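The numbers here are math on the coordinates, done by the rules we state, and not lab data. This is a predicted model, so every value here is computed, not measured. Glycine gets a Cβ as well: all are built from the backbone with ideal geometry, and neighbour counts include every protein chain shown.
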Amino acid sequence: MPAMQKTLSILIPVYNERATVLELVRRVEAVPLPLAKQIVIVDDGSSDGTRDLLSGLGNRATVIRHERNRGKGASLRTALSHATGDIVIIQDADLEYDPADYPMMLGPLLDQRAEAVYGSRFLGGPHRVLFFWHYFGNMIFTLLTNVLYDINLTDMGTCYKAFLTEKLKAIPLRSERFGIEAELTAKICKRRLRLYEVPISYSGRTYAEGKKITWRDGFTYLWCLLRYRVSD
């Protein structure tokens, strides 16, 4: 009897991404992979018409709605609770990250070298040239992560993170908003999951184009890295 095909669950938190979300879904669907795909979208209280667009996806995706905006962390927890795949990957809806990089992300998981994979924006992939202070801040938080957790990451704040689903679901996640990036990193490092990094492309947005993370979220990163070093 042939083995059952493995499944990939793509977790997509969405908040006010009317201009990009349908193109993102199209790109996800177009990536050729040796896995069946489950697309899980959580609309996090969008108010710009995103919700109406998602209603038209039909059976192309599992769409869950938050009645109010709760944040990226809350949206990822909701999406993860609906994931049925053997592997999960986190995907923003804003086209900064390209689903064409999925094969690179999934390779170490499929050949059983890794239990988690990070797509690094700083390992040589093409990227749009943008804000120095975002880059500098990420480097500081990455350095702090490496010191606190005794690892050698190059990009702790990347959106592109992929996991064996059973490993991720075993981790208690608490962050409501952008602190989820730091919390995920802290907790997989504490648990010593086999972690790989691979190079990815990156097409960052300006604030005029809809970028949402701000310098204030840096305080949340710092709090999460310190807090989860000593507690769960």
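Express the Stokes-Einstein translational diffusion coefficient of region 1-139 in µm² s⁻¹, to the nearest whole number, given a Kirkwood radius over alpha-carbon pairs, 20 °C and a viscosity of 1.002 mPa s.
Values: Rh = 16.2 Å.
Value of D from the Cα-based Kirkwood radius: 132 µm²/s.
Would you please name the GluC sites (Glu not before Pro) within region 1-110 that are DSSP coil residues with at most 11 other C-beta atoms within 10 Å of their C-beta?
Numbers: sites: GLU17, GLU23, GLU29, GLU67, GLU96; in loops: GLU17, GLU67, GLU96.
In loop regions of region 1-110 (DSSP not H, G, I, E or B), the sparsely surrounded GluC sites (Glu not before Pro) are GLU67.
Based on the Cβ-Cβ distance from SER47 to ASP111, what FRET efficiency comes out when R0 is 45 Å, to the nearest 0.05? Working shown, then result.
Working: r = 43 Å, r/R0 = 0.96.
Plugging the Cβ-Cβ distance into 1/(1 + (r/R0)^6) gives 0.55.
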Self-check item: Approximate spin-label separation ARG216-GLU67, in nm, with each point projected 7 Å along Cα-to-Cβ
Solution: 2.5 nm
Quiz item: Among VAL14, VAL31, VAL198, what is the fewest-to-most ranking by other Cβ atoms within 10 Å?
Solution: VAL31, VAL198, VAL14
Quiz prompt | For the chain, size of Cβ-based charge dipole, Lys and Arg +1, Asp and Glu -1, in debye | solution = 500 debye
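Where in the chain are the DSSP H helices whose C-alpha atoms run 18 Å or more along the long axis and whose mean Kyte hydropathy is at least 0.5?
Details: long enough: 132-149 (25 Å, 0.83); 216-230 (23 Å, -0.05).
TM-like helix candidates: 132-149.
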Quiz item: Which entries in LYS72/LYS169; LYS6/LYS72; LYS167/LYS187; LYS72/LYS190; LYS6/LYS161; LYS161/LYS190 show an alpha-carbon gap greater than 20 Å?
Solution: LYS6/LYS72; LYS72/LYS190
Quiz prompt | Normalised per residue, the volume of the convex hull around the Cα set of region 68-124 (Å³) | solution = 116 Å³
Quiz item: Where a Cα-Cα gap under 12 Å defines reach, which aspartates and glutamates qualify for LYS37, not counting those fewer than 8 residues away within the same chain?
Solution: GLU29, ASP86
Quiz item: What is the Cα coordinate range of region 7-230 on the first, second and third principal axes, sorted by size from largest, in whole angstrom?
Solution: 47, 39, 34
